[in-house]
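Here's the structure we're looking at; comments come further down.
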Amino acid sequence: MSKSLKTIACLKILRGVIAIMISVSLFLVYRNSEAFSWINHPGLGNIASQDPFLQVLFFWLGSFNQEQILSIAILAGTMGLLRWVEAGGIWLNKSWAQWLAVFSGFIYIPFEINELIHRFSWLMVLILLINTVIVTYLLYVLHTKRLAKLSA
């Protein structure tokens, strides 16, 4: 198996870990109603008062009710597990996993382009570029496999 496929699998594992961490964190918020008053917490409130990002994050989290937070936690956990399944299949050079990664990666491209149009950032350019390269490379691998199968 190529190093490129192993790299893609490792990226999928990393994205899965991040999604699972988000899922667990949101589930803890769901289970602990005091989490909605983070801004009033003596330690966190002091840190948040000095960090505009945390202020926005705490305000944003406070705008969801508990059922919405649970739904987002379940969705993030499901996405994390899907990334791990993709990673395992890609590592084992399975075509079904490569197709799954192509479709799941392709779904994000229009949203990433829309985000760039409305709020340009170099980080989003990098994310779009990485995603596009991964999808294109996986399509190339699948096409090469198909040609090899046809010529055999």
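Scan (1) farther than 27 Å from Val24 by Cβ; (2) assigned to a helix (DSSP H, G or I) for the single condition Ile90 breaks and write down its number.
With respect to (1) farther than 27 Å from Val24 by Cβ; (2) assigned to a helix (DSSP H, G or I), Ile90 is out only on (1).
Suppose we filter Leu82, Leu70, Leu147 for residues that are touching a residue at least 60 places away in the same chain (Cβ under 8 Å), of a type in the set (A, V, I, L, M) and assigned to a helix (DSSP H, G or I); which single one remains? It would help to see each step written out before you state the result.
On the way: Leu70 fails: touching a residue at least 60 places away in the same chain (Cβ under 8 Å); Leu147 fails: touching a residue at least 60 places away in the same chain (Cβ under 8 Å).
Within the list Leu82, Leu70, Leu147, the selection yields Leu82.
Can you tell me which residue is nearest to Ile13 (Cα to Cα) among those in the stretch 63-79 that are open to solvent by 60 Å² or more (accessible area, probe 1.4 Å) and not β-branched (Val, Ile, Thr)?
Step by step, filter the stretch 63-79, then rank; the result is Met79.
Please pick out the residue among Leu138, Leu142, Leu128, Leu82 that is open to solvent by less than 70 Å² (accessible area, probe 1.4 Å), at pLDDT 90 or above and in contact with an Asp or Glu (Cβ under 8 Å, 6 or more places away or on another chain).
Only one candidate passes the filter, namely Leu128.
Name the single residue, out of those in the stretch 85-107 being open to solvent by 80 Å² or more (accessible area, probe 1.4 Å) and of a type outside the set (Phe, Trp, Tyr), that is farthest from Thr132 (Cα to Cα). Please lay out each step first, then the result.
As a first pass, look at the stretch 85-107 and keep what is open to solvent by 80 Å² or more (accessible area, probe 1.4 Å): 91-92, 94, 96, 99, 103, 106-107.
Of the ones still in play, those that are also of a type outside the set (Phe, Trp, Tyr) are 92, 94, 107.
Details: Leu92: 22, Lys94: 20, Ile107: 11 Å.
So the residue we want is Leu92.
Considering only the stretch 126-142, how many residues are within 14 Å of Leu11 (Cβ to Cβ) and in contact with a Ser or Thr (Cβ under 7 Å, 6 or more places away or on another chain)? Please lay out each step first, then the result.
Restricting attention to the stretch 126-142, the residues satisfying the condition of being within 14 Å of Leu11 (Cβ to Cβ) are 126-127, 129-135, 137-138.
With the extra rule that they be in contact with a Ser or Thr (Cβ under 7 Å, 6 or more places away or on another chain), the set shrinks to 137.
So the count comes out to 1.
Select from the stretch 109-125 the residues that are assigned to a helix (DSSP H, G or I) and open to solvent by less than 60 Å² (accessible area, probe 1.4 Å) and list them in ascending order.
First, the residues of the stretch 109-125 that are assigned to a helix (DSSP H, G or I): 109-118, 122-125.
Answer for the stretch 109-125, where residues must be assigned to a helix (DSSP H, G or I) and open to solvent by less than 60 Å² (accessible area, probe 1.4 Å): Ile109, Glu112, Glu115, Leu116, Met124, Val125.
The values are calculated or read from the model by the stated rules, or taken from the named source; none is laboratory data. Being a predicted model, the structure only gives us computed values, none of them experimental. We place every Cβ from the backbone using ideal geometry, glycine too, and count neighbours over all the protein chains shown. Remember, those area values only see protein heavy atoms, side chains included, never the ligands or the DNA or RNA. Shrake-Rupley method; radii C 1.70, N 1.55, O 1.52, S 1.80 Å.
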